[in-house]
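Down below is the structure, laid out as structure tokens.
The values are calculated or read from the model by the stated rules, or taken from the named source; none is laboratory data. Keep in mind it's a predicted model, so treat the numbers as computed, not measured. Here Cβ is always computed from backbone atoms with ideal geometry, including for glycine, and neighbour counts include all displayed protein chains. For the accessible areas, the whole protein counts, side chains as well, though only heavy atoms, and no ligand, DNA or RNA atoms are used. Shrake-Rupley method; radii C 1.70, N 1.55, O 1.52, S 1.80 Å.
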Amino acid sequence: MPSLHPLLSGFAPIWALTGVGYLLGRGGLLGEPAEQVLNRFVFHAAMPAALFLMIARTPLDRFANPSMAAFVAGTVVAGGLGLLAAYRLFGRGVPERALGGMAAGYVNSANLGIPVATQVLGDASFVGPVVLFQILVVTPAVLTVLDSGRAGLRAALTLPLRNPILLAVGLGAVLSATGWRPPAELNRSCELLGGAAVPTALVALGLSLRHPPAVTGASRYLEVGTAVALKTVVQPLTAWAVGALVLGLPPHQLLTVVLFSALPTAQNAFTYAREYGHGAAFARDAVLASTLVSMATLSLVGWALGPA
């Protein structure tokens, strides 16, 4: 049974940097526009640089395997139910439905998945296929829906050129497919810029906590709670059912798939919501609540499926 300490070591930077952002916001040290400025920096500069390098360095065929089939099944079920709940239960518009699906099915695979996988599994190789799937398939779908408010065929056709994340993903995929490697100077520049993506996004997330919730009452907590339950319970259970009962994955692969499926909602959900001006408070609360709950669910997964 894995101890709780390795998991806590993975969560500690998330809470620390979010706390730094909250304290900076409470003290007013960065000024009122700081949250918006930092989010735009992440969305338009740091995150595209990080994703470009990650995709360019990863073979595109890495997510074509049975383990990924189980992970994708969990994502589709949880994300689909999150989208449906946002529509049927809470009457949200189209952009908020996309965020509901993302909050329920988009895992924090990089900055939390890597340390958790290393500590619990001793191997973080599954991060690559998960990141590829989320970046190449899920992210474009979510951003396309969020951008749907810009009417017109021209807007739809030029979305990949107007959206720096989709543009970076596309360029990275071309480099990965062709095997061409960018010059060392470009590599280093993207590494430095991309390294700021996660910490800056977490600080911006903390800055947002200084604002009171836009929606109060039981319905708000029910909406966030529904997304968190889908993310931390339904997604890993679906992955386990498909992996164990349908695909017959061996124990270590099954543990890997379920562990990654139980990771909390990525802070990308808040970054995208804040950039497009839809459901930022909901996305923020879903990220924070799922991160807190997943500390228990990840430990439970490791205890139930880990080696005796």
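Go through Gly206, Gly248 for me and flag whichever is in a loop (DSSP other than H, G, I, E, B) and either modelled with pLDDT of 90 or more or under 21 Å from Asn268 (Cα atoms) (or both).
Gly248 is the lone residue from the list that is in a loop (DSSP other than H, G, I, E, B) and either modelled with pLDDT of 90 or more or under 21 Å from Asn268 (Cα atoms) (or both).
Filtering Arg62, Arg92, Arg97, Arg88 for residues that are out of contact with any Asp or Glu (no Cβ under 8 Å at 6 or more places or on another chain), open to solvent by 40 Å² or more (accessible area, probe 1.4 Å) and at pLDDT below 90 leaves a single hit, Arg62. Would it be correct to say that Ala50 is over 29 Å from Leu193 (Cα atoms) and among the aliphatic types (A, V, I, L, M)? When the stated conditions are applied, Ala50 does not pass them.
Tell me which residues, restricted to segment 176-188, are farther than 18 Å from Leu136 by Cα, open to solvent by 70 Å² or more (accessible area, probe 1.4 Å) and in contact (Cβ under 8 Å) with a residue 40 or more places away in the chain. Correct list: Arg181 only.
State whether one or more residues within segment 273-284 are farther than 24 Å from Ser67 by Cβ, surrounded by 23 or more Cβ atoms within 10 Å (Cβ to Cβ), under 14 Å from the mean Cα position of the chain (by Cα) and of a type in the set (D, E, K, R). Checked segment 273-284: at least one residue is farther than 24 Å from Ser67 by Cβ, surrounded by 23 or more Cβ atoms within 10 Å (Cβ to Cβ), under 14 Å from the mean Cα position of the chain (by Cα) and of a type in the set (D, E, K, R). Pairs linking a residue in segment 278-299 that is closer than 24 Å to Val120 by Cβ and part of a helix (DSSP H, G or I) to a residue that is hydroxyl-bearing (Ser, Thr, Tyr) and at pLDDT 90 or above, with Cβ atoms under 7 Å and 6 or more positions apart or on different chains, are Ala286/Thr265; Val287/Thr265; Ser290/Thr232; Ser290/Thr265; Val293/Thr232; Ser294/Thr232; Thr297/Thr232. Please go through segment 18-33 and give me each residue that is open to solvent by 10 Å² or more (accessible area, probe 1.4 Å) and outside any loop (DSSP other than H, G, I, E, B), ordered by number. The answer is Gly19, Val20, Tyr22, Leu23, Leu24, Gly25, Arg26, Gly27.
Val258 falls short on exactly one of the conditions (1) touching a helix residue (DSSP H, G or I) at 6+ places or on another chain (Cβ under 7 Å); (2) closer than 30 Å to Arg40 by Cβ; (3) part of a helix (DSSP H, G or I), and that condition is (2). Residues that are of a type outside the set (S, T, N, Q), open to solvent by 10 Å² or more (accessible area, probe 1.4 Å) and closer than 16 Å to Thr75 by Cβ within segment 237-248 comprise Leu237, Trp240, Ala241, Val242, Val246, Leu247, listed in sequence order.
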